[in-house]
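Contents: one structure, followed by commentary.
The values are calculated or read from the model by the stated rules, or taken from the named source; none is laboratory data. Predicted model, so just to flag it, every value in this text is computed and none were measured. For neighbour counting, all protein chains shown are included, and Cβ atoms are generated from backbone atoms with ideal geometry for every residue, glycine included. All accessible areas refer to the heavy atoms of the entire protein, side chains included, with ligands and DNA or RNA removed. Shrake-Rupley method; radii C 1.70, N 1.55, O 1.52, S 1.80 Å.
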Amino acid sequence: MMNTSASPLAELARSGKPIGVGIVGLGANGGWAGRSHLPALRAVPGYELRALSTSSKQSAERSGHRHGVSRTFGTAAELAACDEVDLVVVAVKVPHHRELVRTALSAGKSVLCEWPLGNGLAEAADMARQARSRAVPTVVGLQARSHPALAYVRDLVADGYVGEVLSTTVVGSGGAWGAAVGPGDHHVLDAANGMTLLTIPFAHTLDGLASVLGEPEDLRIHLASRRTSAVDTGSGRPVPMTAADQVVASGRLPGGAVATFHYRGGVSRGTNFRWEINGTEGDLVLTAPIGHLQLSPITIEGGRGTSTGLAPLTVPESYVRVPRLDAHADAPAYAVAHAYQRFLNDLREGGTPGVPDFAHGAARHRSIESAVSTA
């Protein structure tokens, strides 16, 4: 990761002046940007949302009126050229990421791009090269590692709560890629769009797990398509599904512990997310209502020593850096807000970056694509 403390953006952050943000993809109806980035930015002092762009001038004006943003643009190029914008946030569908990121980097702007960074490794690596050549700070939206719950669990493991880690197991449901699909979500069923069970919930969780337990080695990923279509909830018609609806993976953690994952499409009547960390002295269990670790409220339980069961573990207040948001009521924005806060700290303080940049994003793409079995 690059040293963010030497950039003009860092100088701005250290000056105490707000970083001006422009969001590409903040529509009048909100969408992901409206549910996550908008409340996150408004909860973190040090940022100021100054501009937005959508697919047309007219829709941008409607969105600006809806969200109280005065500078609205019909193209990302106009937004990136705006002198009031210091950080461009790209929050649109994955197939458009590379073009929009190129536009922002060409304008000399720092960029936060949603995950997946690119539609495959080649695009992600290209964006990482461009960012490196421009020498501007970047962020990729792998925000699970910024969640206070994961930061707390990371410290519990490091401090020996479970002793030596022996194994870890994750089971999760993707929500999408199941029996039904919403009228506006057909794109996730097409593997060519790069927004799959593998690249979204599995990859977010893999990155969060790696931040706690270390990067899995000898990772092996197997995909299966048990469903080949989903029913549109609006029309009742079947929609073809080329994205796999089953992801099974295994690997070895630093030190020799084993890691296993199973992600399945849709939702379960039983477990939708459970992550166990088992060690010589104790156990930690993280659960959530959905399999998207990056946008779900997380419950932690643990037991160690002579205890024969699990007890709730509350995240200490010292880990909560964005008190304006609630971990449950504001779940989609909660980890995103903490990522923004950590990025601001990176800019002001330097040192080891706390948020992943484009180079990290390209490496995550590589770790997944190289592990997928083609047999």
Per-region count, region 269-292, residues open to solvent by 20 Å² or more (accessible area, probe 1.4 Å), part of a strand (DSSP E or B) and in contact with a Leu (Cβ under 8 Å, 6 or more places away or on another chain): 4
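Identify all residues within region 182-193 that are out of contact with any His (no Cβ under 7 Å at 6 or more places or on another chain) and surrounded by fewer than 23 Cβ atoms within 10 Å (Cβ to Cβ); write none if there are none. First the steps, then the outcome.
Of the residues in region 182-193, the ones out of contact with any His (no Cβ under 7 Å at 6 or more places or on another chain) are 182-192.
Within region 182-193, 182, 183, 184, 185, 186, 187, 190, 191, 192 qualify.
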Test: residue in region 293-312 that is in contact with a helix residue (DSSP H, G or I) (Cβ under 6 Å, 6 or more places away or on another chain) and surrounded by fewer than 17 Cβ atoms within 10 Å (Cβ to Cβ): no
Residue within region 350-366 that is within 24 Å of residue 13 (Cα to Cα), open to solvent by 40 Å² or more (accessible area, probe 1.4 Å), in a helix (DSSP H, G or I) and of a type in the set (S, T, N, Q) present: no
Per-region count, region 319-339, residues within 17 Å of residue 49 (Cβ to Cβ) and in a helix (DSSP H, G or I): 5
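Out of 14, 42, 35, 50, I need the residue that is farther than 19 Å from residue 113 by Cα and not acidic (Asp, Glu). Which one? Spell out the reasoning first.
Values: 42 fails: farther than 19 Å from residue 113 by Cα; 35 fails: farther than 19 Å from residue 113 by Cα; 50 fails: farther than 19 Å from residue 113 by Cα.
Answer to the check: 14.
Give region 247-259 a look and list any residue that's touching a Leu at 6+ places or on another chain (Cβ under 7 Å) and either open to solvent by 70 Å² or more (accessible area, probe 1.4 Å) or assigned to a strand (DSSP E or B) (or both), or say none.
If we filter region 247-259 for residues that are touching a Leu at 6+ places or on another chain (Cβ under 7 Å), which is where we start, we get 247, 249, 251, 253, 257, 259.
Matches in region 247-259: 247, 249, 251, 259.
Which fully enclosed helices (runs of 4 or more DSSP H) of region 66-134 have 2 or more residues being within 18 Å of residue 34 (Cα to Cα)? First the steps, then the outcome.
On the way: elements: 76-81, 97-106, 121-134.
By residue number, 76-81.
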Lone qualifier among 68, 30, 16 - being modelled with pLDDT of 95 or more and closer than 29 Å to residue 326 by Cβ: 68
Pairs with Cβ under 9 Å, 6+ apart, first in region 116-139 and more than 16 Å from residue 355 (Cα to Cα), second of a type in the set (Asp, Glu) and at pLDDT 95 or above: 118/126; 120/369; 121/369
Lone qualifier among 216, 240 - being open to solvent by 60 Å² or more (accessible area, probe 1.4 Å) and either modelled with pLDDT under 95 or touching a helix residue (DSSP H, G or I) at 6+ places or on another chain (Cβ under 8 Å) (or both): 240
Selection count where residues are in contact with a Leu (Cβ under 6 Å, 6 or more places away or on another chain) and small (Gly, Ala, Ser), scope region 65-80: 1
Residue list for region 53-108, restricted to those being surrounded by 18 or more Cβ atoms within 10 Å (Cβ to Cβ), under 18 Å from residue 139 (Cα atoms) and of a type in the set (Lys, Arg): 98
Pairs where the first residue, in region 147-165, is without any contact (Cβ under 8 Å) to a residue 12 or more places away in the chain and the second is open to solvent by less than 30 Å² (accessible area, probe 1.4 Å) and part of a loop (DSSP other than H, G, I, E, B), C-beta under 8 Å, 6+ apart: none
In region 37-65, residue farthest from residue 335 (Cα to Cα) [restricted to those that are in contact (Cβ under 8 Å) with a residue 40 or more places away in the chain and part of a loop (DSSP other than H, G, I, E, B)]: 46
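Taking the condition over 17 Å from the mean Cα position of the chain (by Cα) and modelled with pLDDT of 95 or more, does residue 336 pass? Steps first, please.
On the way: over 17 Å from the mean Cα position of the chain (by Cα): no; modelled with pLDDT of 95 or more: yes.
Spelling it out, it is not the case that residue 336 is over 17 Å from the mean Cα position of the chain (by Cα) and modelled with pLDDT of 95 or more.
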Count of region 137-161 residues which are in contact with a strand residue (DSSP E or B) (Cβ under 9 Å, 6 or more places away or on another chain) and crowded, with 22+ Cβ neighbours inside 10 Å: 8
Those residues of region 17-36 which are open to solvent by less than 10 Å² (accessible area, probe 1.4 Å), under 17 Å from residue 61 (Cα atoms), of a type in the set (Gly, Ala, Ser) and not in a helix (DSSP H, G or I), in sequence order: 22
Any hit, region 295-311, residues being within 29 Å of residue 179 (Cβ to Cβ) and part of a strand (DSSP E or B): yes
Residue 124 vs. criteria open to solvent by less than 10 Å² (accessible area, probe 1.4 Å), over 30 Å from residue 318 (Cα atoms) and among the small types (Gly, Ala, Ser): yes
So residue 346, is it part of a helix (DSSP H, G or I), acidic (Asp, Glu) and on the phi < 0 side of the Ramachandran plot: yes
